[in-house]
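One structure below.
Coordinate-derived values only; no laboratory data. Keep in mind that what you see is a predicted model, and the values were worked out from it rather than measured. Cβ coordinates were reconstructed from backbone atoms using ideal geometry, including for glycine residues, and neighbour counts include every protein chain displayed.
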Amino acid sequence: MSGRVLVGVKRVIDYAVKIRVKPDNSGVVTDGVKHSMNPFCEIAVEEAVKLKEKKLIKEVVAVSCGPQQSQETIRTALAMGADRGIHVEVSGKDYEALGPLQVSKILAALAKKEEAQLVILGKQAIDDDCNQTGQMTAALLDWPQGTFASEVSLEGDKVKVVREIDGGLETIKINTPAVLTADLRLNTPRYATLPNIMKAKKKKVVNMKPADLGVDVATRLEVLRVDEPPQRQAGVKVETVEDLVGKLKETGRI
Amino acid sequence: MALRGGASRLNSLFTSRRFYKFTPRIGVRGLSENVTSKPAAASGPETAADHLIYTQEHFALKESLRKIIDQEINPHVDEWEAQGTFPAHRIFKLLGSAGFLGVNKPVEYGGMGLDFSYSVAVAEELGNVRCGGVPMAIGVQCDMATPALARFGSAELKDEFLLPTIMGDKVACLGVSEVGAGSDVSSIMTKAVRKGDEYVINGGKMWTTNGTQADWMCLLANTSDGPPHKNKSLICLPMNLPGVHVARKIDKLGMWSSDTAEVFFDDVRVPCENVIGQEGMGFTYQMLQFQEERLWAVANVLTTMDNIIQETIQYTRQRKIFKQPVLYHQAVHFRLAELQTEVELLRSLLYRATALYIKGNDVTKLASMAKLKAGRLARELSDSCLQYWGGMGFTSDVQVSRFYRDSRLLSIGAGADEVMLGIISKYMDMVPKK
């Protein structure tokens, strides 16, 4: 086994920012807005680095698909302990239209090229909430998948994954190579220490285009319109239970 | 699970047992009501490419430190302010392990060996702590008690005191001011009399930040009889030596989370090797330490001032008087615009002084000017902003009243305004020669 883990990291609008819809309803405002690494991707990086520290795998490669600024996200992964980075450059209209299907094609191509033993991704990105990339990547590679992982343990050439599902926790054992997606409770991502931030400067980040991997990023989806959710209306106070039932009937709720 | 809209991603984060501990002001990632999508206090370019002194590494440093502040410090600030102290050993160990306490100190002793611009970046980011006390204590630990030791101390001394301080294992404090001598450093009375290969120390120190928790003190004492600028030495003093009495924790107007002590020395014996550098050079060394201390203090308060302005804008935008938001009254937003202008001017001065300093220049005049302006601007700003918070500003529930109290110290400590004016006047050659 190559002992190499590919980790996907996505640059998204920072979780603390107030989102604003563009005046032409074509999307959200991203210019000049603070961006950072998707929180679930941080958890994915942390898990990969932990595996390396336990000497269960040998190398962590951080991958990001996006414009020039995605390199900052890769650098953050390097500062957390990834060994090298791959920046698949996608910008302009292509980037605006980039979605899980194209990214999974890219990741699948890279996983094959790098002979990855594991591909670890965040379960979903906090901007589109798709929760698709991990699953699509596994399908394209015809690899097993362990999604919503809250615990991962490598056992020889298999991986035991405890998954967070609606009913509780499900434990599965799958063969490697495999795709895993990180859920919230998998780990607590480390702070990038200053020594590691400075070391990250020297780590290699390779630049490439989707075409270099034989991937066509043309989209098959068209975003028609983006709107803010309706403003929350004020509630109504009633005096008695009878009033409540009456009001509910009135508004057709029951 | 069908959860609604933007709340769903944050809800999943909220339900985690130990994920990001949100401070109240971050809250759920909601939608704005026709306000800018720029997050609070994003002044200056986001990209490293255009910044005057910061590179990508500086920004990465700030991001990482910000995480520590958001997760380990801010959630406890209210508690620490109420208690009148904070767990220095724990917090310094955390920061030390992440490499933030010895940013411009030598690599051989656990430091990062980076230039002072990185220390300034750390100081700036610490301005995001929700009080003044904790950053002040951190400042003492990383940039006030240690510069002379790092530059002039012997290898053994650095091993014993500098290394553990940078790693966060030992808490440091600075013993310069006394009950009878603050601004007039040369008139301190604490004496260290040589007896064989030891110094016997008698006297006391005042306003000692971290004093009740410190493992060692960088002490300025008279080590001989001679001219007052040439008879003092800096001594590394372990605080657990017999004769060291931490007399009391001082009850202050602000900076409540920082424990400030009055310390007495009663025939305290310390080996002669504990003198930093040359005997008699203490005063000069201490003066050198002050440049960095002053620039650090300026960097720290700038971020806090940005934050206070932003919080005031947010509050006055939703608070209505005479049927419209307070913010829409011209007097209010004009004043805030004025204050922000002054903050940017001070920031420019800070970066200019820092850029010159890291090239090896003496920036005493600029650093003193920056410190002078910072103290005065912080008072003006906190006063004006508090006014716009109205009755709420007068309560303990809001940040602005805490800032009002904490920031008052800036014109007094680390060199009073009047001392700064004296230094600037001297450098401008306006002071009569003796």
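Tabulated values for the structure
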item	result
Residues whose placed amide H lies under 5 Å from that of A:THR181, excluding near-sequence neighbours	A:LEU121, A:GLY146, A:THR147, A:PHE148, A:ALA149
Extension gain from B:GLU198 to B:ASP266, taking 0.36 nm per residue of separation minus the Cα-Cα distance	23.0 nm
With Cα atoms, 0 to 90° folded angle of helix B:56-68 axis to chain B main axis	80
Full-extension gain in nm, A:VAL236 to A:ASP128, via 0.36 nm per residue minus C-alpha separation	35.5 nm
Additional length obtainable on full extension of the chain from B:VAL246 to B:ASP429, 0.36 nm per residue less Cα span	61.7 nm
Mean shadow area of chain A, taken as a quarter of the surface of its Cα convex hull (nm²)	17.9
Convex hull (Cα only) mean projected area of the protein assembly as shown, reported in nm² to one decimal	37.1
Acute angle (nearest 10 degrees) that the helix A:39-53 long axis makes with the longest principal axis of chain A, alpha-carbon atoms	30
Two-decimal Rg to Rh for chain B - Kirkwood Rh, Cα set	0.99
Helix B:364-393 vs. chain B, principal-axis angle (Cα, 0 to 90°, nearest 10)	40
Considering only the protein assembly as shown, percent of DSSP beta bridges that pair antiparallel, nearest 5	60
Alpha-carbon centroid distance for the pair the range B:219-234 / the range B:78-144, whole angstrom	29
For the range B:266-413, projected area of the alpha-carbon convex hull averaged over all directions, nm²	12.3
Pairs beyond 30 Å (Cα-Cα), from A:LYS93/A:LYS204; A:LYS203/B:LYS105; A:LYS112/B:LYS62; A:LYS55/B:LYS67	A:LYS112/B:LYS62
Mean separation of Cα contacts under 8 Å, 6 or more apart, over the residue count of the range B:172-280: relative contact order %	31
Modelled FRET efficiency - R0 30 Å, A:GLU170 with A:ILE254, Cβ distances, 0.05 increments	0.25
